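Colleague: Before I ask anything, here is the structure I am working with.
The values are calculated or read from the model by the stated rules, or taken from the named source; none is laboratory data. This structure is a prediction, so every number in the text was calculated from the model and none was measured. Positions of Cβ are backbone-derived with ideal geometry, glycine not excepted, and every protein chain shown enters the neighbour counts. Note: areas computed on protein heavy atoms with side chains; ligands, DNA, RNA excluded. Shrake-Rupley method; radii C 1.70, N 1.55, O 1.52, S 1.80 Å.
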Amino acid sequence: MSTNELLGATLLPGFVDQLLAQTREPREVPDVELNAADEWLPALADAVGSWLSEMPFVAGDGFYQSGYAHLPLPGTAGRFLRVPLGTTRETWPIASTSALFTLAGSAEFEMYATSDDARASRPQYMRLLGPGDVLAVHVGTLCTLRSLGDGVQVIALRAVEPNTGQRLSRHEQADILDRARQSLKRSSGGVR
């Protein structure tokens, strides 16, 4: 199996489709088996690590948005490797239902009930994300995300969004890929 096939829907956990299909309706919360929720990290981290070891840059448009570099994963649409470019808390505009898979590092997620709450920094919900954590967010969610260290994430989007972020040069992509390689190597859930 090629790395392109490994990084397609094959190694993203099967419940990713359930997460992306759900709405905000409570009756549509996916019934994810505990084993599936716990066992996805090693396979995806190994596949991403293998891909990273082969790539000096990505074959697609990488971009910077909301504090994160987004590099398109091969053979997929709406699937990106995300690497933080700092530790500043930034608004995360959700234009498509998204599922976030944390491979390495940690991040603080905050969600707000209203715009006023967001401006006053009064979160309705807070969560620390670390390796093995999954987060699903819906269109219109008012939230922020702040990386707390060397993070590596994979994000899956229900619909491919128009790219409004700042484009990354090949040199910037190479630096980001190197950072992701190093982070995965240091992570306990990283490549073997």
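Colleague: Which one of the conditions (1) within 11 Å of the chain's Cα centre (by Cα); (2) free of Cβ contacts under 8 Å to residues at least 60 places away in the same chain does Glu54 fail to meet, given that it meets all the rest?
Modeller: Only one criterion in (1) within 11 Å of the chain's Cα centre (by Cα); (2) free of Cβ contacts under 8 Å to residues at least 60 places away in the same chain is unmet by Glu54, namely (1).
Colleague: Sort out which residues of the range 91-116 are outside any strand (DSSP E or B) and either open to solvent by less than 30 Å² (accessible area, probe 1.4 Å) or under 17 Å from Gly151 (Cα atoms) (or both), and write them in order of number.
Modeller: Step one: of the range 91-116, the residues outside any strand (DSSP E or B) are 92-97, 105-106, 113-116.
Correct list: Trp92, Ile94, Ser96, Thr97, Gly105, Ser106.
Colleague: Report, by residue number, each residue of the range 1-35 that is farther than 21 Å from Ser183 by Cβ, surrounded by 14 or more Cβ atoms within 10 Å (Cβ to Cβ) and either aliphatic (A, V, I, L, M) or modelled with pLDDT of 70 or more (or both).
Modeller: Ala9, Phe15, Val16, Asp17, Gln18, Leu19, Leu20, Gln22, Val32
Colleague: Within the range 79-90, track down each residue that is outside any strand (DSSP E or B) and open to solvent by 40 Å² or more (accessible area, probe 1.4 Å).
Modeller: Step one: list which residues in the range 79-90 are outside any strand (DSSP E or B), which gives 85-89.
Hits for the range 79-90 are Leu85, Thr87, Thr88, Arg89.
Colleague: Would you call Ala174 touching a Pro at 6+ places or on another chain (Cβ under 9 Å), open to solvent by 30 Å² or more (accessible area, probe 1.4 Å), assigned to a helix (DSSP H, G or I) and of a type outside the set (Ser, Thr, Tyr)? Break it down into steps so the answer makes sense when it comes.
Modeller: Working: touching a Pro at 6+ places or on another chain (Cβ under 9 Å): yes; open to solvent by 30 Å² or more (accessible area, probe 1.4 Å): yes; assigned to a helix (DSSP H, G or I): yes; of a type outside the set (Ser, Thr, Tyr): yes.
So Ala174 fits the description; yes.
Colleague: Which residue is modelled with the lowest pLDDT, if the candidates are limited to the range 133-161 and must be more than 16 Å from Leu73 (Cα to Cα) and out of contact with any strand residue (DSSP E or B) (no Cβ under 7 Å at 6 or more places or on another chain)? Write out each step before concluding.
Modeller: Applying the first criterion (more than 16 Å from Leu73 (Cα to Cα)) to the range 133-161 yields 133-151.
Checking which are out of contact with any strand residue (DSSP E or B) (no Cβ under 7 Å at 6 or more places or on another chain) leaves us with 138-140, 149.
On the way: His138: 90, Val139: 88, Gly140: 87, Gly149: 74.
So the residue we want is Gly149.
Colleague: Taking Arg186 as meeting all but one of (1) within 15 Å of Leu41 (Cα to Cα); (2) open to solvent by less than 50 Å² (accessible area, probe 1.4 Å), write down the number of the exception.
Modeller: Going through the list (1) within 15 Å of Leu41 (Cα to Cα); (2) open to solvent by less than 50 Å² (accessible area, probe 1.4 Å), Arg186 breaks only (2).
Colleague: Counting only residues that are surrounded by 14 or more Cβ atoms within 10 Å (Cβ to Cβ) and out of contact with any helix residue (DSSP H, G or I) (no Cβ under 6 Å at 6 or more places or on another chain), which one in the range 150-159 is farthest from Val48 (Cα to Cα)?
Modeller: Just the residues of the range 150-159 that are surrounded by 14 or more Cβ atoms within 10 Å (Cβ to Cβ), to begin with: 150-158.
Those left that are additionally out of contact with any helix residue (DSSP H, G or I) (no Cβ under 6 Å at 6 or more places or on another chain): 151, 153-155, 157.
Working: Gly151: 13, Gln153: 10, Val154: 9, Ile155: 12, Leu157: 18 Å.
Step by step, filter the range 150-159, then rank; the result is Leu157.
Colleague: Anything in the range 41-78 that is closer than 17 Å to Leu129 by Cα and either open to solvent by 30 Å² or more (accessible area, probe 1.4 Å) or part of a strand (DSSP E or B) (or both)? List them, or say none.
Modeller: Pro42, Tyr68
Colleague: Consider Val137 carefully, then state whether it is under 24 Å from Gln182 (Cα atoms) and open to solvent by less than 40 Å² (accessible area, probe 1.4 Å).
Modeller: Working: under 24 Å from Gln182 (Cα atoms): no; open to solvent by less than 40 Å² (accessible area, probe 1.4 Å): yes.
So Val137 does not fit the description; no.
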